[in-house]
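Colleague: Here it is: the structure, laid out below.
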Amino acid sequence: MAIHKLMIDDFDEADYMLIAIHSSLEDYRLAYFVNRELEIRLEKCPKDIGFKQKQTTAFFSRFIYEDDANDIAWNLIQNKNSVNSTLMGGNASLFTEAGLSITTSSYFIPELKTVDFILKVDNIDENQAIDTIVNSLLDVKHIATAYKLDHYKLKSKNNLIF
């Protein structure tokens, strides 16, 4: 009887590539331009990605397209989001009844605070395809810049598991 062993190193490598996108567009408009330029069909995912942060929960929009013919999954994820929270004062003061509303910024990948969106592409050839995608994204006039990210250097890469 043959024994088949699975080594943990077999699952250590990541099979996805990340592209950082800097753009001031709304998420749905950026998805439209990415669809047009890359000839894919990103659609709004019904469930946003949510993270519990301190006292509030931050939600990040996600657009997804699964290309069954090429076995590639595309995810466009919002990296920046504003979270409104209301603080109720324990002491009687002028602001006790209304509460104090505070707006804070939260990030999907906190170490990339300047990046507006992240394009995650699963099951794609690393070398030629990613460069072609980045060059196509740079052709969109509403995208300030786009570049490949090294996901091995990210501390919060567990956020990319969804």
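Colleague: Looking only at the stretch 42-59, which residues are touching a Gly at 6+ places or on another chain (Cβ under 8 Å) and among the aromatic types (F, W, Y)?
Modeller: F59, the sole residue that qualifies.
Colleague: Okay, moving on. Scan the stretch 105-115 for residues that are closer than 15 Å to A58 by Cα and either β-branched (V, I, T) or touching a residue at least 40 places away in the same chain (Cβ under 8 Å) (or both) and report the count.
Modeller: Count: 4.
Colleague: Pairs needed: first member in the stretch 28-43, touching a residue at least 60 places away in the same chain (Cβ under 8 Å); second member anywhere, assigned to a helix (DSSP H, G or I); C-beta distance under 8 Å; at least 6 residues apart or different chains.
Modeller: Between residues of the stretch 28-43 that are touching a residue at least 60 places away in the same chain (Cβ under 8 Å) and residues that are assigned to a helix (DSSP H, G or I), the close pairs are V34/L137; E37/S136; E37/L137; L38/I133; L38/S136; L38/L137.
Colleague: Output the residue which, of all residues in the stretch 58-79 that are assigned to a loop (DSSP other than H, G, I, E, B) and charged (D, E, K, R), is farthest from I133 (Cα to Cα).
Modeller: Taking the candidates together, the pick is D68.
Colleague: Could you look through the stretch 16-40, keep only residues that are charged (D, E, K, R) and farther than 18 Å from I130 by Cα, and pick out the one that is farthest from the chain's Cα centre (by Cα)?
Modeller: In this case the residue turns out to be R29.
Colleague: Do the conditions hold for V134, that is, is it in contact with a Leu (Cβ under 9 Å, 6 or more places away or on another chain) and closer than 24 Å to D68 by Cα?
Modeller: In short, no.
Colleague: OK, next. Condition first: surrounded by 11 or more Cβ atoms within 10 Å (Cβ to Cβ), modelled with pLDDT of 90 or more, of a type in the set (V, I, T) and part of a loop (DSSP other than H, G, I, E, B). Can you find one or more residues in the stretch 38-57 that meet it?
Modeller: Within the stretch 38-57, one or more residues are surrounded by 11 or more Cβ atoms within 10 Å (Cβ to Cβ), modelled with pLDDT of 90 or more, of a type in the set (V, I, T) and part of a loop (DSSP other than H, G, I, E, B).
The values are calculated or read from the model by the stated rules, or taken from the named source; none is laboratory data. Every value quoted in this text rests on a predicted model; they were computed, and no experiment measured them. Methodologically, a virtual Cβ is constructed for each residue, glycine included, from the backbone with ideal geometry; neighbour enumeration extends over all protein chains shown.
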